[in-house]
Amino acid sequence: MTTAGLEDVVATTSRICDLDGELGKLTYYGVDIHDLAQHSSFEETAYLLWHGKLPTQAQLAETESALHSSRALPGRLIDLMHLLPPSMSPMNVLRTVISALVAFDSDPSDTSAPANERRAIRLTAVLPTIVMAWNRIREGLAPVEPLDNGSHAANILYQLTGKLPDEYTAHALDIALILHADHELNASTFAARVTAGTKADMYASVVSALSALSGPLHGGANEQVIRMLHKMNDISKVEPYLEDALARKERIMGFGHRVYRTEDPRATHLRAMSKELGERTGDSRWYEMSQVTEAYIKEHKHLNANVDFYSASVYYMMGIPIDLDTPIFASSRIAGWTAHILEQYANNRLIRPRAEYVGQKVTEYTPIDERG
Ligand code: SDX
């Protein structure tokens with residue numbers, strides 16, 4: 001009998017990403033995440049996810065140029081955002097605008113692989129523009145035009161502040177984007193593949209993924225982590241807070257994982273980045289409270305930190321508003337989602353599992369005037 005969460009169910013084959021939950025290993029097309037975090041860039045990693053091999057200099061330059069020229073958002077979608085209530089969550093705005101983006105596709109009927117590869121670049125490039133435009137519009141400010149050069153990470157930070165980021169912060173965000181780019185058949189990627197399996201367009205498949213990612217048990221966890229750290233607010237309050245939360249059977253966001261039974265290899269890098277950012281900003285409080293939290297949950301729940309735990313303090317110390325944490329996750333995972341969507345289109349197969357019926361036996365139809 002399959003459990004409701006499809007634990008350990010192998011739903012498809014894929015060449016894109018391999019996870020070893022016992023050993024805590026993660027590779028994209030066989031390239032280890034530690035090597036990518038140390039040597040690669042988000043753009044190079046996106047190319048690897050889309051094409052199955054690391055790019056040559058020329059291929060990387062071509063991809064970077066295509067990303068640069070795809071960042072701008074049509075003016076009518078900026079107008080659309082001005083019609084939305086400022087209180088609307090950034091993830092809900094994101095799925096709304098991505099949904100409308102199809103109206104600006106040059107040829108929606110072209111479902112060829114090259115056309116969909118162009119859409120993968122377009123969606124990857126424009127997603128952060130939507131997030132950062134909303135961040136300004138909801139405050140009554142004009143959006144910052146995207147850079148027509150520079151990295152995906154630098155452009156995100158530039159559109160957030162209107163100023164070019166310092167080299168360390170741009171590089172740190174680039175590493176975080178590499179770490180978040182793909183993760184096998186997680187809930188949002190599975191949602192994207194199920195939608196693409198019906199031959200729905202790439203925009204629809206990405207909207208499915210965005211909707212799944214927004215949940216607090218998945219991508220929405222990072223925002224909850226930093227909110228928890230704010231509630232604790234002081235290192236002396238960490239253990240009493242956690243003791244009370246666990247006593248109330250609360251889930252501690254940022255801990256546990258459906259696949260990893262050991263340290264999430266991505267958390268290793270994010271923990272180090274949180275420590276370094278604390279030292280650089282002169283405010284190590286968020287890192288230190290995270291460390292006490294991690295030790296306490298390890299001891300009392302035997303759970304490891306996942307990718308969302310330390311990314312929370314990393315993004316906060318980068319000056320990223322708390323409710324943009326999940327959109328930043330999406331600004332990276334869009335590369336993985338689109339890679340899986342391309343693979344699902346190539347599979348050319350509807351995803352339609354079965355459900356084991358556990359309901360009541362066949363019953364006679366009772367006319368309404370005879371029902372109790
Ligand atoms: C991401 O799948 C992916 O790859 C996702 C992701 C990616 O890159 O795409 O890695 C990104 O989504 C990371 C996970 C972010 N979510 C959170 O941090 C939310 C908090 N974590 C949990 O809700 C939970 O750990 C899950 C949802 C992540 C995994 O849960 P499972 O596999 O369904 O495990 P479970 O709910 O069956 O829990 C097993 C036991 C339970 O104890 P009992 O009720 O059986 O006594 O562990 C406990 C749970 O109560 N538990 C936790 C806990 N996580 C599990 N208890 C307290 N706090 C937690 N965080």
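Worth a mention:
- Residues being assigned to a loop (DSSP other than H, G, I, E, B) and more than 16 Å from the ligand (Cβ to nearest atom) - total across segment 199-225: 3
- For Val131, the conditions (1) closer than 30 Å to Arg352 by Cα; (2) in contact with a helix residue (DSSP H, G or I) (Cβ under 8 Å, 6 or more places away or on another chain) are fulfilled apart from (1).
- Helices (runs of 4 or more DSSP H) (entirely within segment 27-74) containing at least 3 residues that are more than 21 Å from the chain's Cα centre (by Cα) and either small (Gly, Ala, Ser) or outside the structural domain of Ile175 (by TED's automatic domain parsing) (or both): 57-68
- Whichever residue in segment 333-359 is in a helix (DSSP H, G or I) and among the polar types (S, T, N, Q) and, among such residues, is most open to solvent (accessible area, probe 1.4 Å): Asn347
- When the test is whether a residue is of a type in the set (Gly, Ala, Ser), away from the ligand (no atom under 13 Å from the Cβ), part of a helix (DSSP H, G or I) and on the phi < 0 side of the Ramachandran plot, Ala330 does not pass it.
- So Glu299, is it open to solvent by 10 Å² or more (accessible area, probe 1.4 Å), under 30 Å from Thr63 (Cβ atoms) and of a type in the set (D, E, K, R): no
- Residue under evaluation Met228, criteria (1) open to solvent by less than 30 Å² (accessible area, probe 1.4 Å); (2) aliphatic (A, V, I, L, M); (3) near the ligand (Cβ under 10 Å from one of its atoms), criterion not met: (3)
- Checked against (1) surrounded by fewer than 21 Cβ atoms within 10 Å (Cβ to Cβ); (2) farther than 14 Å from Leu324 by Cα; (3) not aliphatic (A, V, I, L, M), Ser87 passes all but a single condition, namely (2).
- Residue, nearest to the ligand (Cβ to nearest atom), within segment 244-258, restricted to residues that are free of Cβ contacts under 8 Å to residues at least 24 places away in the same chain and in a helix (DSSP H, G or I): Ala245
- The C-beta contact set for segment 340-357 (first residue in contact (Cβ under 8 Å) with a residue 60 or more places away in the chain, second residue aliphatic (A, V, I, L, M) and exposed (fewer than 15 other Cβ atoms within 10 Å of the Cβ), distance under 8 angstrom, 6+ apart or interchain) comprises Leu342/Ala113; Tyr345/Ala113; Ala346/Ala113; Ile351/Ala11; Pro353/Ala11; Glu356/Met1.
- Applying the criterion of being of a type in the set (Ser, Thr, Tyr) and within 21 Å of Arg261 (Cα to Cα) to the residues of segment 271-321, the residue that is farthest from the ligand (Cβ to nearest atom) is Ser290.
- Complete set of residues in segment 259-270 that are in contact with an Asp or Glu (Cβ under 8 Å, 6 or more places away or on another chain) and more than 12 Å from the ligand (Cβ to nearest atom): Thr262
The values are calculated or read from the model by the stated rules, or taken from the named source; none is laboratory data. This one's a predicted model, so the numbers in the text were calculated from it and none came from an experiment. Don't worry about glycine lacking a Cβ; one is built from the backbone with ideal geometry, like all the others, and counts go over all protein chains shown. Note: accessible area is taken over every heavy atom of the protein model, side chains too, but ligands, DNA and RNA are not part of it. Shrake-Rupley method; radii C 1.70, N 1.55, O 1.52, S 1.80 Å.
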